[in-house]
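The values are calculated or read from the model by the stated rules, or taken from the named source; none is laboratory data. Computed from a prediction, not measured in an experiment: that's the story for all the values here. Glycine gets a Cβ as well: all are built from the backbone with ideal geometry, and neighbour counts include every protein chain shown.
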Amino acid sequence: MEGELTAGSDKQVEAFWRVIESARGESGGDLERQTKLIEEHLMKSNASEIVAFQKQFDALMDKANTWDLMAACYLINGEAFDGIFDCFCAWLVMRGKEFYEATVESPESLADFPEFQLYKVMWCEITELPERIYREKVGRYTGLRRDYTNLKGSPWEEDELWKRYPRLWATFGEWRADVMGGSP
């Protein structure tokens, strides 16, 4: 796999997903183990491969930076301020390409997983990993900075979530109704 992350953008995307999904498969879905396996891979990578990995991760985080996904995060986790939402988007990436793409395309697809209500669906540990490894290997920062503030799509108000996201609301919104003062 070495060298693939510095090739063309299609190869970068596929190499990135191979790293994520290989680590996910080998870890059995355990996020701590998956992150450790990704760390081991990046430690064997050269500086340009680490930067390419970070750029691809940032591009996926940017693509997921939408009002619709923030609503899903809010309904599932009970909060969605910047740090929580970023960790939610990172968790989507860690679940693999197919899950990530389906969720970005249709955040309401998360309603098919009511078990997500039982725990916080987020994973922060991956967000700074490539930068940390690059700094350890090269002795300086990559200089890459992602704009976390530019949400895409239409803003929502809390009291309209049940109308805008009926499937998510039906699965995760009941407890939100209690917090908001009753059902819609």
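Got a number for residues in region 154-165 being in contact (Cβ under 8 Å) with a residue 12 or more places away in the chain and surrounded by fewer than 13 Cβ atoms within 10 Å (Cβ to Cβ)?
Going through region 154-165 one residue at a time, the tally reaches 5.
Does at least one position in region 68-76 carry a residue that is among the hydroxyl-bearing types (Ser, Thr, Tyr) and at pLDDT 95 or above?
No, region 68-76 has no match at all.
Quick one: is Phe16 buried (at least 18 other Cβ atoms within 10 Å of the Cβ), of a type in the set (Phe, Trp, Tyr) and out of contact with any Gly (no Cβ under 6 Å at 6 or more places or on another chain)?
yes
Here is a yes/no grid of residues against (1) modelled with pLDDT of 95 or more; (2) of a type in the set (Val, Ile, Thr):
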| site | (1), (2) |
| --- | --- |
| Asp82 | no, no |
| Val93 | yes, yes |
| Tyr100 | yes, no |
| Glu105 | yes, no |
| Thr127 | no, yes |
| Gly153 | yes, no |
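Take region 98-144 and flag every residue that is closer than 16 Å to Ile20 by Cα and of a type in the set (S, T, N, Q).
Answer for region 98-144, where residues must be closer than 16 Å to Ile20 by Cα and of a type in the set (S, T, N, Q): just Thr127.
Tell me which residues, restricted to region 128-146, are closer than 26 Å to Arg95 by Cα, in a loop (DSSP other than H, G, I, E, B) and without any contact (Cβ under 8 Å) to a residue 24 or more places away in the chain.
Glu128, Arg145
Identify the single condition in (1) in contact with a Ser or Thr (Cβ under 7 Å, 6 or more places away or on another chain); (2) surrounded by fewer than 16 Cβ atoms within 10 Å (Cβ to Cβ) that Tyr134 does not satisfy, given that it satisfies every other one.
The number of the failed condition is (2).
Is there any pair linking a residue in region 36-61 that is touching a residue at least 12 places away in the same chain (Cβ under 8 Å) and under 14 Å from Ser22 (Cβ atoms) to one that is of a type in the set (Asp, Glu) and surrounded by fewer than 20 Cβ atoms within 10 Å (Cβ to Cβ), with Cβ under 6 Å and at least six apart or on different chains, and which?
Close Cβ pairs (under 6 Å, with a partner that is of a type in the set (Asp, Glu) and surrounded by fewer than 20 Cβ atoms within 10 Å (Cβ to Cβ)) amount to Leu37/Glu26.
With Gln12, Gln34 as the choices, which residue is modelled with pLDDT under 90, touching a Lys or Arg at 6+ places or on another chain (Cβ under 8 Å) and of a type outside the set (Val, Ile, Thr)?
Being modelled with pLDDT under 90, touching a Lys or Arg at 6+ places or on another chain (Cβ under 8 Å) and of a type outside the set (Val, Ile, Thr) holds for just one of Gln12, Gln34, which is Gln12.
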